[in-house]
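Participant: Here's a structure for you.
The values are calculated or read from the model by the stated rules, or taken from the named source; none is laboratory data. Please read these numbers as outputs of a predicted model, since none were measured by experiment. Cβ atoms come from the backbone with ideal geometry, glycine included; neighbour counts cover every protein chain shown. What goes into the accessible areas is simple: the full protein's heavy atoms, side chains included, and nothing from ligands, DNA or RNA. Shrake-Rupley method; radii C 1.70, N 1.55, O 1.52, S 1.80 Å.
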Amino acid sequence: MKFLKITSIASFIFFLSFGFSANSQELHGILCGGEIRQADMDVAAEFESANPGVTIKWEAVPWGTCQDKVINLAIAGDPVDLAYVGSRTLKGLAENGHIINVDIPQSQINMYQPGILNTVSHLGKVWGYPRAFSTKALFMNCDLLEEAGVECEGPETWDELYSMAEAVTNNVPGVAGIGLTGKDFDNTMHQFLNYLYSNGGQVIDPDTNTITLNSSNTVEALAFYGKLANVAQEGPLAYERSQLRDLLNDKKIAMYIDGPWGRGTHNEDLNMKTVRIPAGPQGKQGTLLITDSIAVFNNTGNEEMANKFAAMVTSPEWQYKLDTEWGLTPIMQYDVIGSEEPYNDDYWMMFIDAIGDGGPEPLLVDYKAFQSVMNNMIQGAILGEGDPADLVAEAAEELEEYK
C-alpha cells in the first residue's frame, strides 16, 4: 500500500507537470522603441488573468534595430507572435505572407479618428491594429520671434513661415529661424511629408496602388523645403528631429515641427506657442498621419490567441491608457466612448484639428528603399543638386519598383 501511495503521488505530480505544459501557451511580443510601458505591462497581466495558462513575454528593442529583427525572424521561419512596429512595414510583411489580416469590429472602427485605418490598410484589407498615433504641429519660441521684431502668431501660409524664419535668421545673432531635418533617417521623410500634405500632395494612391508623387504639389513642396535651408541651422543633413529639439532647448532655432510629446521635452524657461503647420499654395494646413501598430504573425501556431491579445491591447480602454500615459494624439474619438480628458484644451486641439486635413504615411513593400529614395530627393533639394521637378520625377520613377 505504501508503494502504491508513492506511485500515485508521483503520477499526480507527473500529470500536473505535463498537463500544465500541454495547456500552457507563451506569446512572444516585440515592442519597438526599447521601452515597456506601464500600460503594456498592465494589459498583459489582465490578459493572463483572463486566460489561464497563457503567458505574455514582452521584449523591448530599440527602433534602430527592432524592425529589422522582426522581419528577419519572420524570413527565417521563426517569427514572433506579435510585434509593435511602424505601420510602414505592414505592406511588405503582408505581401510576403508574414502577417495575418485582422478583422476590427465595426463598432471599434467607428471610434477611430478619420484616416487612421488608411495607415494600416492595403487593397481593402487591414493588416495591423493601430496602437500609437501622432500628428504634427509647429512649435515657436515667442521670445526669439519677438526679438526679431515678429509677432508670435501662427503663420497660415508658407510665405508667412519663411518671412518669420528669415527675420530671426537676419536679426537674432546665432539663431536660425527654423530647424530642418536632412539626415538619412525616417523622420527626414516624415518632416517633408508634413509639407507635402499641406500642399495637397500624395506619394501613392492606396486604392489603386499607383505612384502619384510626380505632381506640381510635390515639386512645390520640395522647392520650399530646399528654400528653408537658407533660414535653417547650418548643415541640415546632420540633423534628425530629436536633435532639432535639442537646438530649440539651447535657443539655437526659433521654430520646428514636432509631435504632441514635444511640450514635455522643452525647457520650462522657454516661452513656447504651438500652432498648425502652414498651408502650401495648393493645400490646407495639413499634417502627416503616422501610426505604429500591432501586427500578428503567421506560421506561429499561436495566431488565434495572439490576435485575441492584440485586439485587447488596442481596445478603447487600453488604448486610452497608453495614449494618456505617453502623450500621443488620441487615436480614437474619445468623446464617443465618454473619455475626453485630457484632450479638450487648446494645446491638444492643434493636433486634433489637423487630422481631417492630414494624409497617411505611405505604404510601400520595401519601406527602407522608399525611405532612401525620398531622403535622396530631399537631400538633393537641400544641397541644390538638381531642379526640384527633375528630382521629383526621378524619385517617382524609382518608387515604381517598390510599390
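Participant: Of all residues in the range 23-32, how many are open to solvent by less than 80 Å² (accessible area, probe 1.4 Å), farther than 16 Å from residue 300 by Cβ and free of Cβ contacts under 8 Å to residues at least 60 places away in the same chain?
Facilitator: The first filter runs over the range 23-32 and keeps only residues open to solvent by less than 80 Å² (accessible area, probe 1.4 Å), leaving 24-25, 27-32.
Next, only the ones that are farther than 16 Å from residue 300 by Cβ stay: 31-32.
With free of Cβ contacts under 8 Å to residues at least 60 places away in the same chain added as a condition, the list becomes 31.
Selection size over the range 23-32: 1.
Participant: So how many residues does the range 368-403 have that are closer than 23 Å to residue 233 by Cβ, touching a helix residue (DSSP H, G or I) at 6+ places or on another chain (Cβ under 7 Å) and among the hydrophobic types (A, V, I, L, M, F, W, C)?
Facilitator: 6
Participant: Then there's this: Out of everything in the range 118-155 that is aromatic (Phe, Trp, Tyr) and within 17 Å of residue 262 (Cβ to Cβ), what residue ends up being modelled with the highest pLDDT? Reasoning before the result, please.
Facilitator: Just the residues of the range 118-155 that are aromatic (Phe, Trp, Tyr), to begin with: 127, 129, 133, 139.
Cutting the leftovers down to within 17 Å of residue 262 (Cβ to Cβ) gives us 133, 139.
Working: 133: 94, 139: 98.
Looking at residues that are aromatic (Phe, Trp, Tyr) and within 17 Å of residue 262 (Cβ to Cβ), I get 139.
Participant: So, one more: Which helices (runs of 4 or more DSSP H) sit wholly inside the range 284-403 and have at least 3 residues that are open to solvent by less than 20 Å² (accessible area, probe 1.4 Å)?
Facilitator: Output list reads 303-313, 316-326, 367-383, 388-399.
Participant: In the set 94, 74, 60, which member is surrounded by 13 or more Cβ atoms within 10 Å (Cβ to Cβ), touching a residue at least 40 places away in the same chain (Cβ under 8 Å) and not in a loop (DSSP other than H, G, I, E, B)?
Facilitator: Values: 94 fails: touching a residue at least 40 places away in the same chain (Cβ under 8 Å); 60 fails: touching a residue at least 40 places away in the same chain (Cβ under 8 Å).
Just one listed residue meets the conditions, 74.
Participant: Turning to a different aspect of this structure: List pairs: first residue in the range 34-49 and part of a helix (DSSP H, G or I), second residue charged (D, E, K, R) anywhere in the structure, Cβ distance under 8 angstrom, at least six positions apart or on different chains.
Facilitator: 38/325; 39/321; 39/325; 42/321; 43/321
Participant: Here is a follow-up. Only one of these is under 30 Å from residue 252 (Cα atoms) and in contact with an Asp or Glu (Cβ under 8 Å, 6 or more places away or on another chain): 352, 290, 277, 331. Name it. Lay out the reasoning, then the answer.
Facilitator: Numbers: 352 fails: in contact with an Asp or Glu (Cβ under 8 Å, 6 or more places away or on another chain); 277 fails: in contact with an Asp or Glu (Cβ under 8 Å, 6 or more places away or on another chain); 331 fails: under 30 Å from residue 252 (Cα atoms).
Sole residue among the options that is under 30 Å from residue 252 (Cα atoms) and in contact with an Asp or Glu (Cβ under 8 Å, 6 or more places away or on another chain): 290.
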